[in-house]
Amino acid sequence: MIFELAAIPSPPWRSLGPFQAYGLMIAIGALAAVEIARREFGSKGGDPDDFSAIAVWAIPAGLIGARLYHVITDYHRFTDNWVDIFKVREGGLGIPGGLILGVIVGVALGRAKGISLPVGLDCVAPSIPVAAAIGRLGNWFNQELYGSASDLPWAVKIDADHAPDGIAGTFHPVFLYELIWNFGLA
């Protein structure tokens, strides 16, 4: 493969000290989303601290929703040992579930604070794809969310431990395509 030298290398590690890189990217994405929503709400004359107070509940609700979505859609992985449902560190979050439960909690708390639904959602809308884009970097650290084999210069190198059939190679970086798409959407 002529372009393999130009391929995107995968990180040789998945943790940064006690933190898994995937979880750290999710957390950074969530913090970035909160800051974007705070600034948007402040620019519309609202109190940015209202969005911080909402995020304290909406983000954990989103994580719970993301895990529930994964458990529901991949229920076969948990039929033999239901305790594995709680082993979030072993992977398994579904963005649709996170959005559903996080938005429900956020809207309810926003209503309680007197934030109109259109204004609140308008402030949050650009922050969600930014959070998702940053979270996709976690897939790069985990060497997951890649496509078919590729010899394009921007292909991602995947180790044998993470590659299909245990054969290292270069693959389409689907995580990167989604990251770019999400930043463009924002």
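The values are calculated or read from the model by the stated rules, or taken from the named source; none is laboratory data. This structure is a prediction, so every number in the text was calculated from the model and none was measured. As a convention, Cβ positions derive from the backbone with ideal geometry for all residues, glycine included, and neighbour counts pool all protein chains shown. SASA here: full protein model, heavy atoms, side chains in, ligands and nucleic acids out. Shrake-Rupley method; radii C 1.70, N 1.55, O 1.52, S 1.80 Å.
No other residue among G46, G92, G98 is open to solvent by less than 40 Å² (accessible area, probe 1.4 Å), at pLDDT below 95 and not in a helix (DSSP H, G or I) apart from G92.
Scanning region 154-186 for residues that are outside any strand (DSSP E or B), of a type outside the set (A, V, I, L, M) and touching an Asp or Glu at 6+ places or on another chain (Cβ under 9 Å) yields H162, F175.
Of the residues screened, F141 is not one that is open to solvent by 20 Å² or more (accessible area, probe 1.4 Å), among the hydrophobic types (A, V, I, L, M, F, W, C), under 30 Å from I54 (Cβ atoms) and free of Cβ contacts under 8 Å to residues at least 12 places away in the same chain. Out of all the residues in region 50-67, is one or more under 21 Å from L31 (Cβ atoms), of a type in the set (K, R) and in a helix (DSSP H, G or I)? Scanning region 50-67 turns up at least one residue that is under 21 Å from L31 (Cβ atoms), of a type in the set (K, R) and in a helix (DSSP H, G or I).
Within region 9-34, being in contact (Cβ under 8 Å) with a residue 24 or more places away in the chain and in a helix (DSSP H, G or I) holds for A21, Y22, G23, L24, M25, I26, I28, G29, A30, A32, A33, V34. Which ones in region 139-157 are of a type in the set (G, A, S) and in contact with a Lys or Arg (Cβ under 9 Å, 6 or more places away or on another chain)? If the condition is that a residue be of a type in the set (G, A, S) and in contact with a Lys or Arg (Cβ under 9 Å, 6 or more places away or on another chain), then no residue fits. Looking only at residues of region 67-89 that are among the β-branched types (V, I, T) and modelled with pLDDT of 90 or more, we find that the one that is least open to solvent (accessible area, probe 1.4 Å) is V71.
Report yes if some residue within region 146-165 is in contact with a helix residue (DSSP H, G or I) (Cβ under 6 Å, 6 or more places away or on another chain) and buried (at least 18 other Cβ atoms within 10 Å of the Cβ); otherwise report no. Within region 146-165 (the criterion being in contact with a helix residue (DSSP H, G or I) (Cβ under 6 Å, 6 or more places away or on another chain) and buried (at least 18 other Cβ atoms within 10 Å of the Cβ)), the answer is yes, since at least one residue qualifies. For region 172-186, taking the residues that are over 13 Å from the mean Cα position of the chain (by Cα) and open to solvent by 20 Å² or more (accessible area, probe 1.4 Å), the one that is modelled with the lowest pLDDT is identified as A186. Number of residues in region 15-28 that are surrounded by 14 or more Cβ atoms within 10 Å (Cβ to Cβ) and either within 10 Å of G138 (Cα to Cα) or of a type in the set (S, T, N, Q) (or both): the value is 7. Restrict the check to region 70-77 and report whether at least one residue is assigned to a helix (DSSP H, G or I), touching a Leu at 6+ places or on another chain (Cβ under 8 Å) and without any contact (Cβ under 8 Å) to a residue 60 or more places away in the chain. Yes, region 70-77 has at least one match. Looking at region 110-127 only, could you name the residues that are polar (S, T, N, Q) and open to solvent by 50 Å² or more (accessible area, probe 1.4 Å)? S116 - this is the single residue of region 110-127 that is polar (S, T, N, Q) and open to solvent by 50 Å² or more (accessible area, probe 1.4 Å).
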